[in-house]
Amino acid sequence: MSTPLIVSPEAEAYAQLFTSADDALLTEIEEYTKAHHPHAHMLSGQVQGKFLAFLSTILRPKYVLEIGTFTGYSALCLVEGLQNDGELHTIECREEDAQIARNYFSKSYRKDQIHLHIGNAGEIIPTLNHPWDLVFIDADKTGYIGYYEQLIPRIAENGIILADNVLFHGQVLEDPISGKNAKAIHAFNEHVKQDPRTEQVLLTIRDGLLMVKKKTT
């Protein structure tokens, strides 16, 4: 079975055409990543990046956590709405990608508020003792459920978790689902759906974003 397209390339291009342009630093990161990184498709890109920036600006978070830094694009979107005394913590397991991101972070006016951690996210998360206002999960797909369970008790009252790639290139629509990562993503989506503590909406932006918040009592 061929992998279906969730959103047509034409619709993606149209959405980008009518989405506000990136600033110079984000444009630099995107151009560098596309030119030099073998996995450039992992970059969030203009439409999803602007969505992250909008959400951050609306929430005005004090503490933001990103799991999966890559080359730094999404972190610089998430940091846009950060409070003046706030902190963004981003975790990357690959040293080479972390070094690229660090270089771009150093060019941001928010550089002193961005804290880059290199290593295993499952081990690093418990060491960061903050009530998270905004979390972006975009790392190893088989780890999503574990990260989610680590983070739910630490989410602030009005906090939001965003999980990326929850459509996984359309492979979650296959019957049966065959790929390891697609199976892991489908299991994560089911896990969140069955969680009585939260409610969620799956957005068909780019490769799918699952937005999760705690239920109000």
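Remarks
- DSSP bridge orientation in the chain - percent antiparallel, rounded to nearest 5: 35
- Summed over the residues of region 67-217 and divided among them, the accessible surface reaches 45 Å² per residue at a probe radius of 1.4 Å.
- Counted charge near residue 115, where neighbours are those whose Cβ lies closer than 12 Å (Asp, Glu -1; Lys, Arg +1): -1
- For residue 192, neighbours were defined as the other residues whose beta-carbon sits under 15 Å from its Cβ, and their charges (Lys and Arg +1, Asp and Glu -1) total +1.
- Electrostatic dipole magnitude of the chain [Cβ: Lys, Arg +1; Asp, Glu -1; Cα centre; debye, to 20]: 440
- The chain, relative contact order in percent, only Cα pairs under 8 angstrom and at least six apart counted: 18
- Pairs of alpha carbons in region 16-142 whose separation is greater than 20 Å (percent): 39
- In order through region 109-123: 3J(HN,Hα) via Karplus (6.51 cos²θ - 1.76 cosθ + 1.60), integer Hz, x for Gly, Pro: 5, 9, 4, 6, 9, 9, 10, 9, 10, 10, x, 7, 4, x, 8
- Averaging Cα coordinates gives a centre for region 97-126 and one for region 178-201; these two points are 27 Å apart.
- Kirkwood's formula applied to the C-alpha pairs of the chain gives a hydrodynamic radius of 17.6 angstrom.
- Per-residue SASA remark: residue 42, around 70 Å² accessible (1.4 Å probe; ligands, DNA and RNA not included).
- Net charge dipole, region 1-107: roughly 180 debye, given to the nearest 20, about the Cα centre with Cβ charges of +1 for Lys and Arg and -1 for Asp and Glu.
- The local environment of residue 78, defined by Cβ-Cβ distances under 11 Å, has a net charge of -3 under the rule Lys, Arg +1 and Asp, Glu -1.
- Working value for region 1-87: equivalent-ellipsoid semi-axes of 25, 16, 14 Å, each the square root of 5 times a Cα gyration tensor eigenvalue, largest first.
- For residue 111, the lysines whose Cα comes closer than 22 Å to its Cα, not counting residues fewer than 8 places off in the same chain, are 50, 62.
- Surface accessible to a 1.4 Å probe, residue 27 within the full protein complex, Å²: 50
- Size descriptors for region 132-217: radius of gyration and Dmax over Cα atoms are 12.5, 39 Å.
- Per residue convex hull volume, Cα atoms of region 71-178, in Å³: 126
- Look at the dipole of the chain built from charges on Cβ: of 14, 33, 165, the Cα furthest out on the positive end belongs to 165.
The values are calculated or read from the model by the stated rules, or taken from the named source; none is laboratory data. Computed from a prediction, not measured in an experiment: that's the story for all the values here. Methodologically, a virtual Cβ is constructed for each residue, glycine included, from the backbone with ideal geometry; neighbour enumeration extends over all protein chains shown. With ligands, DNA and RNA removed, areas are computed over all heavy atoms of the protein, side chains included. Shrake-Rupley method; radii C 1.70, N 1.55, O 1.52, S 1.80 Å.
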